[in-house]
Amino acid sequence: MKVLAVTMCKNEEKIMPFFIQHYAEIADTILLVDNGSTDNTISIARDLGNKLDTHVVVLNLDTSGFSESLKKNVYETAYRHEMFIGQYDLTIVVDTDEFLYHPHGTRKQLEIYNKKYKNNLVIKPKGYDMVSDTYPVYNGESILNQVNEGTRSHGFDKCNCFSSNLILQASMGMHYSSHFNPKTKSIVRPKTNKGFFLLHFKTLGRYNRIERQKNMRDNLNDLGKLETQKGINSHLLVSDKELLDYADHIKANSSKLDFEALLKDKS
């Protein structure tokens, strides 16, 4: 089994070492579609990829700024680039702060389900919003060991792991998506309650969310600004106070997660 992990990024040097370390244990190749990073995001990814003997590929976007339409196009087409098509069994499409996880070994479990549902697999993991008081510093230790508190978030149940032969139709950053099997000419129904979790490390320190929101707003191109005015990615318009209130709410409703126990929860 061969796995391709795909993400679109810009200036993600803080989370990138955790991202590479995590997906190096799952994917054979990690594809970074870079939207003009000006920090150390790419050098960190390449250096750690070499250290972990993981194939990291960087594709640079020939564009300026961000829009939801751009992200949709990247996520729907990057895994079908000529250098990847027909080479991988499974594709994982995630944001850089999203970590697919199974407590019994993510790659091992993917192998089981890939064998069972060959060329017709879509996994819908359970989403959790992870939280910490401060932003973790990479020291070689997994982010899952440093940040272990979180709360269930049904809105983060994204069908972002699927057989690579399927045609992805993405919407709203994979919050809504469908996967079309061209051979059977049908939409593949996602597999749920298979023990997979999608951990979103967005609320790491109360002020990190504010910084990320500002960077995303500043990076919007004309189309992205128009989309925001029409309600797409409208969360970018919320105030700093609302973001802090949200962080406090997540923290108040979070607890230390026992993933073995959560495996028994089929809700």
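Bear in mind these aren't lab numbers, they're just calculated from the coordinates by the rules spelled out. Only a predicted model underlies this, so the values are computations on that prediction, with no experimental measurement involved. Cβ sites come from the backbone with ideal geometry, for glycine too, and all protein chains shown count toward neighbours.
Excluding residues on the same chain fewer than 8 positions from LYS191, give the aspartates and glutamates whose Cα lies under 17 Å from its Cα.
ASP89, GLU111, ASP157, ASP265
Rounded, prolate or oblate, given the Cα gyration tensor of the stretch 134-258, with a/c below 1.5 counting as rounded?
On the way: a/c = 2.15, a/b = 1.24, b/c = 1.73.
Oblate, because a/c is 1.5 or more while a/b does not exceed b/c.
Which value, in debye to the nearest 20, gives the size of the charge dipole of the chain about its Cα centre, when Lys and Arg are +1 and Asp and Glu are -1 at the Cβ?
Details: 35 positive and 33 negative charges, 246 e Å.
Taking the Cα centre of the chain as origin, the dipole is about 1180 debye.
Please work out the C-alpha center-to-center distance from the stretch 18-71 to the stretch 206-252 and express it in whole Å.
If we compute the Cα centre of each part, the gap is 23 Å.
Rounded, prolate or oblate: pick one for the stretch 32-162, where a ≥ b ≥ c are the square roots of the eigenvalues of its C-alpha gyration tensor, a/c under 1.5 means rounded, and failing that, prolate if a/b is larger than b/c, else oblate. Mind showing how you got there, number by number?
Values: a/c = 1.34, a/b = 1.02, b/c = 1.32.
Note, shape of the stretch 32-162 comes out rounded.
Please identify the longest segment of the chain free of exposed chymotrypsin sites (Phe, Trp or Tyr not before Pro), where exposed means a DSSP state other than H, G, I, E or B and no more than 15 other Cβ atoms within 10 Å. Walk me through the numbers before you get to the answer.
Values: sites that count: TYR117, TYR207.
Result for the longest clean stretch: 1-116.
If amide H atoms are built 1.01 Å from N in the plane of the peptide, which residues on other chains or at least 5 residues away come under 5 Å of the amide H of VAL6?
Residues meeting the amide H criterion: LEU31, ILE92, VAL93, VAL94.
Say R0 is 30 Å: what FRET efficiency, to the nearest 0.05, do ILE187 and LYS230 get from their beta-carbon distance?
0.65
Restricting attention to the stretch 202-267, which trypsin sites (Lys or Arg not before Pro) occupy a DSSP loop and are surrounded by at most 10 other Cβ atoms within 10 Å?
Taking the stretch 202-267 and a limit of 10 other Cβ atoms within 10 Å, the loop trypsin sites (Lys or Arg not before Pro) found are LYS230, LYS264, LYS266.
Using a/c under 1.5 as the rounded threshold, could you call the stretch 81-132 rounded, prolate or oblate? The axes a ≥ b ≥ c are square roots of the C-alpha gyration tensor eigenvalues, and prolate needs a/b larger than b/c, oblate otherwise. List each step's numbers first, then the result.
On the way: a/c = 2.47, a/b = 1.41, b/c = 1.75.
Oblate, since a/c reaches 1.5 and b/c is not below a/b.
Quick one: among SER186, SER164, SER69, which has the greatest mean-square fluctuation in a GNM of the chain with alpha-carbon springs under 10 angstrom?
The residue that fluctuates most here is SER186.
Ignoring solvent entirely, what values of log10 I(q)/I(0) come out of the Debye formula for the stretch 105-206 at 0.16, 0.19, 0.21 Å⁻¹ when each Cα is a single scatterer?
For the stretch 105-206 at q = 0.16, 0.19, 0.21 Å⁻¹, log10 I(q)/I(0) is -0.78, -0.98, -1.09.
Bin width 5 Å, origin at 0, all Cα-Cα pairs of the chain: what percent of pairs per bin?
Using 5 Å bins, I get a P(r) of 1, 6, 13, 17, 20, 18, 14, 8, 3, 0 for the chain.
With an 8 Å Cα cut-off and a minimum separation of 6 or more residues, compute the relative contact order for the stretch 1-152 in percent.
28
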